[in-house]
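To keep things clear, I will list the structure first and then write my remarks on it.
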Amino acid sequence: MVPFHIREYRDEDYETVRDLFATGMSEYVPSLCVHMLKQPWVILLLACTFCLLLTSSKSLLLPILAVTLLLAVGRQLLGYAWSRYIDRCLQEDLLDIQATYMQDKGSRFWVAEADEYVVATVGARPSEEHQEELMLKRMSVRKDYRGLGIARALCKTVVSFAREHGYRSVVLNTLMVQPEARALYSSVGFREYHSYVLPTFYGNLANCTVSKHRYDIPSVG
């Protein structure tokens, strides 16, 4: 077991934190591709393309090449769209971490250190929907330090912070390509209470489902 400790964010962590988040999010591209391949309209498109070309060309090679090309183009488009999403996140709360998370007593950002390196991050700030809820955000653990209990410890740090500052619950969102994250949060005590498909053209096209989770903090006395 590799020892680690959790501390509050410092300005010198800035580039490492942003890189950890971007790298961690980039790992979801293969899962996103698999998710897209399961969508009925994608299956129909590939099947129709294959059958039409097979019928018209009387050759097996042409439809195979066409489907392969469609898959390759789709993979590139998905990767591009996902990288745009990551860039947008980096331009939001992670653009000025100190101002977003460290200047208000009701929000905070932590990092976990192991082997003298920052290997994990998590942030928390008041929910935009309900001020009595604390929103857990930007949980990320470096790939070679997963399975050591770091993410669980970060979750507990956020819950303790919420309890100390009078929040009634901790809430967070996960995407359909994050089953491991959902399992982790469930094991800590979060429960899923709502899910929805992003109400945009691309959200509906990709069946991009967001699940909302809550950890209720028992009232004292």
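Springs between alpha-carbon pairs under 10 angstrom, Gaussian network model over the chain: which of LYS143, LYS58, LYS38 fluctuates most?
Of LYS143, LYS58, LYS38, the Gaussian network model singles out LYS58 as fluctuating most.
Give me the compactness ratio for the chain, meaning the Cα radius of gyration over 2.2 N^0.38 Å. Before the final figure, lay out the partial values.
On the way: Rg = 20.9 Å, N = 221, 2.2 N^0.38 = 17.1 Å.
For the chain, the normalised Cα radius of gyration comes out at 1.22.
Take every Cα-Cα pair in region 71-112 and report what % of them are more than 18 Å apart. Write out the running numbers ahead of the final one.
On the way: 418 of 861 pairs.
Result for the distance tail: 49 percent.
Expressed as a rounded percentage, what relative contact order does the chain have, with Cα pairs under 8 Å and six or more residues apart?
20 percent
Restricting to region 114-176, compute how many DSSP beta bridges are antiparallel as a %, nearest 5. Intermediate values should be presented prior to the final figure.
Working: 7 of 10 bridges.
If we restrict to bridges inside region 114-176, about 70 percent are antiparallel.
Using the basic label-point model (7 angstrom from Cα toward the beta carbon), what is the ARG163 to LEU90 distance in nanometres?
With each label point 7 Å from Cα toward Cβ, the separation is 3.7 nm.
Please give the helix 150-164 orientation as an angle from the longest Cα principal axis of the chain, in degrees from 0 to 90, rounded to the nearest 10.
For 150-164 against the chain, the angle is about 50 degrees.
Suppose a student asked you for the relative contact order of region 158-221, using Cα pairs under 8 Å spaced at least 6 residues apart; what percent would you report?
43 percent.
So what is the calculated 222 nm ellipticity per residue for the chain, using -39500 (n - 2.57) for each DSSP H run with n of 4 or more, over all residues, to the nearest 500 deg cm²/dmol?
Numbers: 7 runs with 100 residues, N = 221.
The per-residue figure over the chain is -14500 deg cm²/dmol.
Given charges of +1 on the Cβ of Lys and Arg and -1 on the Cβ of Asp and Glu, with all other atoms neutral, how large is the dipole of the chain about its Cα centre, in debye to the nearest 20?
Details: 24 positive and 24 negative charges, 176 e Å.
That gives the chain a dipole magnitude of about 840 debye.
Which angle from 0 to 90°, rounded to the nearest 10, does the C-alpha axis of helix 40-57 make with the longest principal axis of the chain?
20 degrees
Taking 30 Å as R0, compute the FRET efficiency from the Cβ-Cβ separation of VAL34 and GLU129 and round it to 0.05.
E between VAL34 and GLU129, to the nearest 0.05, is 0.45.
Scan region 1-65 for GluC sites (Glu not before Pro) in coil per DSSP, keeping those whose Cβ has at most 14 other Cβ atoms within 10 Å, and list them by number.
Numbers: sites: GLU8, GLU12, GLU15, GLU27; in loops: GLU27.
Qualifying residues, ordered by number: GLU27.
Summing +1 for each Lys or Arg and -1 for each Asp or Glu, what net charge is found among the other residues whose Cβ lies under 12 Å from the Cβ of MET135?
Numbers: positive: ARG108, ARG125, LYS137, ARG138, LYS212, ARG214; negative: ASP93, GLU128, GLU129, GLU132, GLU133.
It works out to a net charge of +1.
Can you give me the C-alpha center-to-center distance between region 9-60 and region 165-221, rounded to a whole angstrom?
Measuring centre to centre over Cα atoms gives 22 Å.
None of the figures in this text is laboratory data; all of them are computed from the coordinates on show. Quick caveat, the model's predicted, so the values are computed rather than measured. Virtual Cβ from ideal backbone geometry, glycine too; neighbours counted across all protein chains shown.
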